[in-house]
Each structure stands twice: as C-alpha cells, then as structure tokens.
Amino acid sequence: MAHTAKTKKVLGLLDAQEIVPAHNPLIQEPTGENYPVVFVKSEIGTQFVNVPFLLINEQLGSIMERFNCCTCDKCVAEVTVSCLAKLPPTIVRIKRTADEDLVNKAAADMRNEAIRIITKEVMLLKANPRH
C-alpha cells in the first residue's frame, strides 16, 4: 500500500491525545419525550451513561470536518451506527454527581479506540458516499 500525503496526518489523528469540544453540533438535542441513549434516568435516581455514544457525540463532528466529509443527517447517522456497532458496549451506572468520575475513567480508557474507529468509518464514508 502506497503512502499518500495524508498518511502522516491520519496516523497522527489515530495517536492524537487532543481534546475536542464536548458537544457535537451535528447531533441535535432531543425534545419532548425523546431522550438520548447517552443519558437515561430511572425512577429510582440511578442514571445510565452509554460511553461509546458519548465519545462519538464528542468526536464525530470534528473528525468529519477534518476530512471534509459530508455532514448531512444521513451521513452522520450512518457513521454513528457503524461506530456503535464496532465499539464495545460500555454502560456506566451512576447514582450521584461524584460517580461522574466513573464515566470519565471509562471514556478515557476507550477514547483512543473510539477516535481510531470513528476516523476509519469517516474515511470509508468519504471514499464511498451514499449520495
């Protein structure tokens, strides 16, 4: 496989420790009774956080912009679904604010793998756009 001018940049992304904004403007906040999968509150006060979805929400927009990939709703949804299928499911249960450290630790443990998978899926989408 031949190296292109972007190879070094892509490999740098895969090893990046860069912190990006925590909110992806491409994913809209739900209204009404539609709650995101990332944060579910039960009747007994326990909350469940889907860590892979949280990381995808955090990283996807900036990675798609870096590669000049289409950011329409269809493409964002497609990449999100394919990334969720490839990342190991990690649900963290928290009961109080102090337990947020559990979410942060789980996210830190998975962040590099998530960035690698998101980058790969964005590159696949850019190479084979659906529209």
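Only the coordinates and a few stated rules stand behind these numbers; no lab work does. If you're wondering where the values come from, they're calculated on a predicted model, not measured in any experiment. Every residue, glycine as well, gets a Cβ built from its backbone with ideal geometry; the counts of neighbours run over all protein chains shown.
Roughly how many nanometres apart are two label points built 7 Å out from the Cα toward the Cβ at residue 70 and residue 99?
4.1 nm
Mind sorting 67, 53 by how few other Cβ atoms lie within 10 Å of their own Cβ, fewest first? The partial results should precede the final answer.
On the way: 67 15, 53 21.
Taking fewest neighbouring Cβ atoms as first place, the list is 67, 53.
Over the range 37-127, what is the relative contact order in whole percent, taking alpha-carbon pairs under 8 Å and six or more residues apart?
It comes to 39 percent, rounded to a whole number.
Find the lysine pairs in the range 37-127 meeting two conditions, Cα atoms under 23 Å apart and a separation of 8 or more places or different chains, and report how many there are.
9
Quick one: 100, 78, fewest Cβ neighbours within 10 Å first, how do they rank?
Ordered from fewest to most neighbouring Cβ atoms within 10 Å, 100, 78 come out as 100, 78.
Any chance you could run the full-extension gain for residue 128 through residue 77? It's 0.36 nm times the residue separation minus the Cα-Cα distance, nm to one decimal.
Gain on extension, residue 128 to residue 77, equals 16.8 nm.
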